[in-house]
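Colleague: Quick one: the structure is below, and I'll ask about it shortly.
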Amino acid sequence: MTSRRQFLKYIPCTFVVTKYNAVLADNKNVINYKITAKKTSFSFKDNTSAELLLYNDTNPGPTLKGNVGDILRVNFTNNLDEPTSIHWHGIKNINKMDGVPYLTQDPIQPGETFVYEFPLNHSGTYWYHAHMDSWKQVAKGLYGPLVVSNSKENIFDDDLVILADDWRLNKNYEIDEKSFGSLMDWSHAGRVGNWLTINGEKSPQYSIKANSRARLRFINASNARILKFGSSLKNNNIITIDGVAVKPMLVEDFTLAPGQRIDLLINTVDLLKVDFFEISHTKQLKAFTLNVTKANNKTKDIANINFKSNWILPKLDNAKTISIRMQGGAMGNLSKANLDGVEKDFRTLATEDKKLWAFNKEIGSYEYLLATVKLNQVVILDVWNDTRWPHSMHLHGNHFFVKSKEFKENNDYILRDTYLMQAGEKAKLIFVADNPGKWLFHCHMLEHAASGMVSYIDVV
Ligand code: C2O
Ligand code: CU
């Protein structure tokens, strides 16, 4: 038997990059959930009421939990008065379960039910969200956390999801409906909000146990806001990024672009209270507080924790490079682009079609094929953000290797599914195309995706 102490020394990451198991074996454990989307009133502040679109009437939607090796089966009913679909962000999914309307499934019509069923092949922090008019449906609350555990990682006494959202509310604390579709937002940074919630609440408080370790799973569900978190601790210990274990990294603060996740390990020895702040503004906001509750548990040996990942960068000798030049938006250099095969000037695209962003001079959509690659091909997405705006680039169904400039002490490749590209930045996103199907590649600033910054890669 392995002792707890042995676990501490080496915690393997079960994220397997090169093997994909799409088999829904009969002998697997099936986790069943029932989710219904519908209009629900919600209170952001005492005595106010906002009309949201929610899963199971809660914000965030229910936290779905499973273990590596399980099958997740979600019986989903659409009780909205508009079509929808659910995407399982970060999951190396079976393509037809990926939830992209028109591309991988038909939109789920009002009153219809759809069963999502797929294997959980890797542990980590993920999330699910609407993928139909997501700029509106996500902004109104259609999302929730998805946590996949691995028994070898059960070393935490507390495990908390910290799902952050940046809402745009009006004076009455209702969703600011008037600004949906604002050309100003779509051509600039996207729908940036004015009301931060953590798990649906303003500055919530949580209690965690003393003399132990807690895992915090941060998720940024904002439409467009790049969040930045700092805490009253000098060091925040990052243990996973986009669901993937990393060599622990101590940082003073960290950035979460829309769609991204980061897990922290908090060592509560000698701690009483930790405040977390959102510090992307000049005015810092209290995000949430952890109160450490006294317990008569003994201090644990937590110094030895060493998460390790067993992923290896693929050989690049025969890699296929796909060049992607991102252009458009305000103050950009896109003068003309093709929309459905017709070349138009930027002004016409903006004012008549509400299209503002392009990959390689093509205005994208869920049905815009960027490239076709062979199964098991090593692919390099050679991306150039030739715009004046940052973009949170997300690839469906695959994690990619990227040399992130974000973590200075760690110049190595990290594995992510969503990467924040600064204005002018060039980056290579490398993945093994071992998962057949049509995989979306898009900006997770949802207004940018809606106005052209979206395409798919077909793995055949
Ligand atoms: Cu989280 Cu295509 O999205
Ligand atoms: Cu963008």
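Colleague: Amide H neighbours of residue 369 under 5 Å, counting only residues 5+ apart in sequence or on other chains, H built in-plane at 1.01 Å?
Modeller: 456
Colleague: On to the next question. If amide hydrogens are placed 1.01 Å from N in the peptide plane, which non-local residues have theirs closer than 5 Å to the one on residue 44?
Modeller: Here 50 satisfy the definition.
Colleague: Express in nm, to one decimal, how much length is gained between residue 354 and residue 203 on full extension, taking 0.36 nm for each residue of separation and deducting their alpha carbon distance.
Modeller: So the chain would gain 50.7 nm between residue 354 and residue 203.
Colleague: For the chain, give the magnitude of the charge dipole about the Cα centre (Cβ charges: +1 Lys/Arg, -1 Asp/Glu; no others), in debye to the nearest 20.
Modeller: With Lys and Arg at +1 and Asp and Glu at -1, about 1360 debye.
Colleague: Just the number, please: carbon plus sulfur as a percent of the accessible area of the chain, 1.4 Å probe, no ligands or DNA/RNA counted.
Modeller: Carbon and sulfur: 48 percent of the exposed surface of the chain.
Colleague: Report the one residue of 36, 170, 268 whose Cα lies farthest in the direction of the positive end of the charge dipole of the chain (charges on C-beta: Lys and Arg +1, Asp and Glu -1; origin at the Cα centre).
Modeller: Going by the charge dipole, the pick is 268.
Colleague: Taking amide H positions as placed 1.01 Å from N in the peptide plane, with prolines and chain starts having none, which residues 5 or more places from residue 76, or on another chain, fall under 5 Å of its amide H?
Modeller: Sorted by chain and number, the residues that satisfy this are 35, 114, 115, 116.
Colleague: Right, here's the next one. Computed FRET efficiency, Cβ-Cβ of residue 96 and residue 340, R0 30 Å: what is it to the nearest 0.05?
Modeller: E between residue 96 and residue 340, to the nearest 0.05, is 0.70.
Colleague: Per residue of region 224-238, in order, report the coupling 6.51 cos²θ - 1.76 cosθ + 1.60 (Karplus, θ = phi - 60°) as ³J(HN,Hα) in whole Hz, putting x for Gly and Pro.
Modeller: Taking θ as phi minus 60°, the curve returns 8, 6, 7, 8, 9, 10, x, 9, 6, 7, 6, 10, 10, 9, 7 Hz for region 224-238.
Colleague: Ok, one more. For residue 152 paired with residue 182, estimate the spin-label separation in nm (one decimal), with each label point 7 Å from Cα along the Cα-to-Cβ line.
Modeller: Output for this residue pair reads 4.8 nm.
Colleague: For every other residue with a beta carbon closer than 11 angstrom to the beta carbon of residue 59, add +1 if it is Lys or Arg and -1 if Asp or Glu, then tell me the sum.
Modeller: Its environment carries a net charge of -2.
Colleague: Okay, next question. Of the peptides 241-249, 272-280, how do they stack up when ordered by the mean number of other Cβ atoms within 10 Å, highest first?
Modeller: Listed from highest to lowest mean packing, they are 241-249, 272-280.
Colleague: So which of 28/438; 315/426; 65/96; 403/428; 247/405; 39/136 end up more than 18 Å apart by C-alpha?
Modeller: Where the Cα-Cα span goes over 18 Å, the pairs concerned are 28/438; 315/426; 65/96.
Colleague: Next up: Order 131-143, 444-456 from most to least packed using the mean count of other Cβ atoms within 10 Å.
Modeller: The most tightly packed comes first, giving 444-456, 131-143.
Colleague: I've got another one for you. For residue 318 and residue 41, compute 0.36 nm times the residue count separating them, minus their Cα-Cα distance, and round to one decimal in nm.
Modeller: Computed gain between residue 318 and residue 41 is 94.3 nm.
Colleague: Ok, one more. Across the Cα atoms of region 377-460, what radius of gyration and what greatest pairwise Cα-Cα distance (Dmax) are found, in Å?
Modeller: Here Rg and the maximum Cα pair distance are 12.7, 38 Å.
Colleague: If you don't mind, another one. With both bridge residues required to lie in the chain, what share of the DSSP beta bridges run antiparallel, to the nearest 5%?
Modeller: 70 percent
Colleague: Continuing with the same structure: Cα centroids of region 45-122 and region 352-394: how far apart, whole angstrom?
Modeller: Using only Cα atoms, the two centres lie 25 Å from each other.
Colleague: Okay, moving on. Using just the helices of the chain, give the 222 nm mean residue ellipticity in deg cm²/dmol: DSSP H runs with n ≥ 4 each add -39,500 (n - 2.57), and the total is spread over all residues, rounded to 500.
Modeller: Result for the chain, helices only: -1000 deg cm²/dmol.
Colleague: Give me a comma-separated list of calculated 3J(HN,Hα) values for region 328-335, in order, Karplus coefficients 6.51, -1.76, 1.60 applied at θ = phi - 60°, integers in Hz, x for any Gly or Pro.
Modeller: So the J values, rounded to whole Hz, are x, x, 5, 6, x, 10, 8, 8.
Colleague: Multiply the residue separation of residue 63 and residue 109 by 0.36 nm, subtract the distance between their alpha-carbon atoms, and state the gained length in nm to one decimal.
Modeller: Stretched out fully, the residue 63 to residue 109 stretch lengthens by 14.2 nm.
Colleague: Highest mean first, how do 184-192, 393-401, 380-388 rank when packing is the count of other Cβ atoms within 10 Å averaged over residues?
Modeller: 393-401, 184-192, 380-388
Colleague: Also, I was wondering about something else. Under 16 Å from the Cα of residue 344, which aspartates and glutamates turn up, not counting those fewer than eight places away in the same chain?
Modeller: Counting by Cα, and skipping residues close in sequence, residue 344 has these aspartates and glutamates nearby: 352, 353, 362.
Colleague: Can you compute the charge dipole magnitude of region 88-239 about its Cα centre, using +1 on each Lys and Arg Cβ and -1 on each Asp and Glu Cβ, nothing else charged? Give it in debye, rounded to the nearest 20.
Modeller: Dipole about the Cα centre, nearest 20: 580 debye.
Colleague: Suppose all protein chains stay in the model; what accessible area per residue would a 1.4 Å probe give for the chain, in Å²?
Modeller: 41 Å²
Colleague: Same structure, new question: What fraction of the Cα pairs in region 118-217, stated in percent, has a spacing above 22 angstrom?
Modeller: More than 22 Å apart: 46 percent of the Cα pairs in region 118-217.
Colleague: Let me ask something additional. So what's the convex hull volume per residue for the Cα atoms of the chain, in Å³?
Modeller: Spread over its residues, the Cα hull of the chain gives 151 Å³ apiece.
Colleague: Let me ask something additional. So if I place +1 on the C-beta of Lys and Arg and -1 on the C-beta of Asp and Glu, and nothing else carries charge, what would the dipole magnitude of region 22-109 be about its Cα centre? I want it in debye, nearest 20.
Modeller: In total the dipole reaches around 260 debye.
The values are calculated or read from the model by the stated rules, or taken from the named source; none is laboratory data. Keep in mind it's a predicted model, so treat the numbers as computed, not measured. Reconstructed Cβ throughout: ideal geometry from the backbone, glycine too, with neighbour counts over all protein chains shown. Areas reflect the complete protein model, heavy atoms only, side chains present, ligands, DNA and RNA absent. Shrake-Rupley method; radii C 1.70, N 1.55, O 1.52, S 1.80 Å.
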